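First up is the structure itself, then whatever we jot down about it.
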Amino acid sequence: MRTATPPPVAPTGDHHDLAIVLFAVIVLVTLGITLWVGRRGSAAEDFYAGGRDFTPLQNGFALSGDYLSAASFLGVAGLIALYGYDGVLYSIGFLVAWLVVLMLVAELVRNAGRYTLADVLALRLRRRKVRAAAGGASIVVTLLYLVAQMVGAGSLVALLLGTNSSGARTWTIVAVGGLMIVYVTIGGMRATTWIQIVKAVLLVAGSVLLTVLLMVRFHGDVAELMRQAAQHSGAGQRYLEPGLKYGGSVTSRLDFFSLGLALVLGTAGLPHILSRFYTVPTARAARRSTMWAIGLVGGFYLMAIALGLGATALVGSAEVRHANPAGNTAVPLLALVLGGGNGSTGGVVLFALISAIAFATILAVVAGLTLASSAAFAHDIWAGAWRGRPRRRRGRRAAVPASRRARARAAAGGRAAGGSGSGETAARLSEQQEVGVARIAAVGIGAVAIALSLFAQQLNVAFLVGLAFAVAASANLPVLLYSLFWRRFTPRGAVCSVYGGLIPAVVLVTFSPVVSGSKVALFPGMDFHWFPLENPGIVSIPLGFLAGWIGTVTSPEPADPDRYAELEVRSLTGAGAA
């Protein structure tokens, strides 16, 4: 029989006042950072890259903050609490992904790009279609990730505040969306980075506190922790063995492999992660940032394993599943027990503290995602693809006045700026216009994300995160690796690679069990699925690489060896890097 504390429930009534106060403190602190930082500069480099003056340690914390979303903090521990060994396997994919980032892209992307992924491609593939494709794929990835975070915020905060009403979820989504728009439009990358640093410190500190209390409870005996977890899991020894979630059939094993492939490869193609490498001054600093991030993320996931086991041992899998079928409340419930149990002051304080950290996690991640998507629209699509489009005019009469107007504007600019300074003035005006478009895009993308999240708040949105990683691994990673390492790669190959991975990923998920054909699908009353896996990565990722190869070998225009040589020298040495 179980002798531990009786199964807890989330605090109710006045106990939520403390959580609300801590939430308000988090919001005020982050808004204060945004207003303070927002006055320090409005140039494009400040808005997109934070002035490139962050240290490797600061950027390492920001990278880990961008990566460790609410799904990492709450979801991974919840999966371990429910499925044991298989939950641990799920967390490994997130950690191994950083080795891919460190070895393949960190330094090269920092040297070759300026603000976004499309900048790396444009260095050798100077085509508007390439920029448009890369920018569009980046917006899709970040928007999917953004909607998942905001819907999760609505459900999580409503649950932690003791209500499951749709109104509470709706207002939470609107509030989080409004805050993320303020963070990005006022503070840009500099404010977003500092918010990520604060969030990462809070997240690591909270995890360390819970882990220490857990180890004290079990007197440092990890074996006893595992025995108690297996005893209260409802599955016995199977809890500590593979196969509890992913080993039931060949399809489930393939699904797990597909998910792992997407997680490991998708991180290197996530736009909000890649943009972090431009906030440091050199490629060496980018690599050191990644090493700091690996250490922080690795330590966090080790603690997440302990916290998941602790939730099962002290709370029980049945109670965790009863509070939330996905296990997302495992960590707050564990905090309640470790603080002294339901009704105790220590339990309520620790519960509210962990809830506030989860809320800070959500705010920071959605800010980073919104900034990445607005940068993709303004810098890649508006400035790089649409505004850079050559304008064709019919007839000689139309061409001559246009030329005269252009010369008149150039002369007027030269007189106003003092001769040779006119080019710099025009560049500054162009950058200011681009930043203005980025701010407007942040508002628009935020509004779209809020609307989609409100529509999806009653649905199972767990597939959105996996789909975001799958799209990043299918569309962004192939074109990035081909551009960096394949001499023969052509613009047609780049466009084919992006769309050849993006379209299959979206189509396969549309016709998968996560949309129809099961009780937990988006449309449980319908069945039009024919793709058996929940994650398309095992199919769409190879298709992205294959489409890039086919597009290149069938391209009538050969690759430019001089441009590839320029990219190779710059990516490896940093010569000419921004």
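Toward the positive end of the charge dipole of the chain, with +1 on the Cβ of Lys and Arg and -1 on the Cβ of Asp and Glu, the farthest Cα among GLY310, GLY260, VAL120 is that of VAL120. Label sites at VAL553 and VAL216, each approximated as a point 7 angstrom past Cα along Cα to Cβ, lie 6.4 nm apart.
Taking only DSSP H segments of four or more residues, each worth -39500 (n - 2.57), what value at 222 nm results for the chain once the sum is divided by all its residues, to the nearest 500 deg cm²/dmol?
Value at 222 nm, helices only: -22500 deg cm²/dmol.
Kirkwood-type hydrodynamic radius, region 210-277: 15.3 Å, calculated from all non-identical alpha-carbon pairs.
Centre-to-centre separation between the Cα atoms of region 317-380 and those of region 177-237: 8 Å. Computed over the alpha-carbon pairs of region 21-134, the distance histogram in 5 Å steps reads 2, 8, 10, 15, 16, 15, 15, 10, 6, 2, 0 percent, short to long.
Straight-distance candidates among the lysines for linking to LYS245, with alpha-carbon spacing under 30 Å and chain neighbours fewer than 8 residues away dropped: LYS519. Diagonalising the gyration tensor over the Cα atoms of the chain and scaling each eigenvalue by 5 before taking the square root yields semi-axes of 44, 27, 21 Å, largest first. Once both labels are positioned 7 Å from their Cα atoms along Cα-to-Cβ, the gap between PHE485 and THR510 label points is 3.2 nm. In this view, the solvent-accessible surface of SER91, computed with a 1.4 Å probe and all protein chains in place, comes to about 0 Å². In the chain, a dipole from Cβ-located charges (positive for Lys and Arg, negative for Asp and Glu) runs towards its positive end, and of LEU270, SER355, GLN433 it is GLN433 whose Cα lies farthest in that direction. Within the full protein context, the accessible area of TRP549 is estimated at about 120 Å² for a probe radius of 1.4 Å. Only one residue of LEU572, LEU244, VAL365 has its Cα farthest out toward the positive end of the dipole of the chain, where Lys and Arg carry +1 and Asp and Glu -1 on Cβ, and that residue is LEU572.
Hull volume per residue, based on the alpha-carbon atoms of region 267-353 and their convex hull, is 129 Å³.
Dipole magnitude for region 219-319: about 520 debye, using +1 per Lys or Arg Cβ and -1 per Asp or Glu Cβ, origin at the Cα centre.
In the chain, carbon and sulfur make up what percent of the accessible area (probe 1.4 Å)? Answer for the chain is 65 percent, counting heavy atoms of protein chains only.
Remark on region 110-260: ratio of C-alpha radius of gyration to 2.2 N^0.38 Å is 1.51.
Label positions at PHE528 and PHE455, each projected 7 Å from the Cα along the C-beta direction, are separated by 1.5 nm.
Below 8 Å between Cα atoms, with a sequence gap of 6+, how large is the relative contact order for region 498-578 in percent?
Values: 77 pairs, mean separation 21.9, N = 81.
It rounds to 27 percent for region 498-578.
Its alpha carbons considered, region 519-566 gives a radius of gyration followed by a Dmax of 19.2, 57 Å. At a probe radius of 1.4 angstrom, the accessible area of region 517-578 per residue rounds to 57 square angstrom.
Here is the size of region 248-311 from its Cα atoms: Rg then Dmax, 16.1, 49 Å.
Among TRP98, TRP382, TRP171, the sequence by solvent-accessible area, most first, with a 1.4 Å probe is TRP171, TRP382, TRP98. Computed about the Cα centre, the dipole magnitude for the chain is approximately 3000 debye when only Lys and Arg (+1) and Asp and Glu (-1) carry charge, each at its Cβ. Relative to the dominant Cα principal axis of the chain, helix 250-266 is inclined by about 50°. All Cα-Cα distances of region 304-366, cut into 5 Å bins from zero to the largest, leave 4, 20, 25, 26, 18, 6, 1 percent in each bin in turn. Within region 470-578, the ratio Rg/Rh, alpha carbon atoms throughout and Rh by Kirkwood, equals 1.17.
The values are calculated or read from the model by the stated rules, or taken from the named source; none is laboratory data. Computed from a predicted model, the values in this text were never measured in an experiment. Please note: Cβ atoms are built from the backbone with ideal geometry, for glycine as well, and neighbour counts cover all protein chains shown. Note: accessible area is taken over every heavy atom of the protein model, side chains too, but ligands, DNA and RNA are not part of it. Shrake-Rupley method; radii C 1.70, N 1.55, O 1.52, S 1.80 Å.
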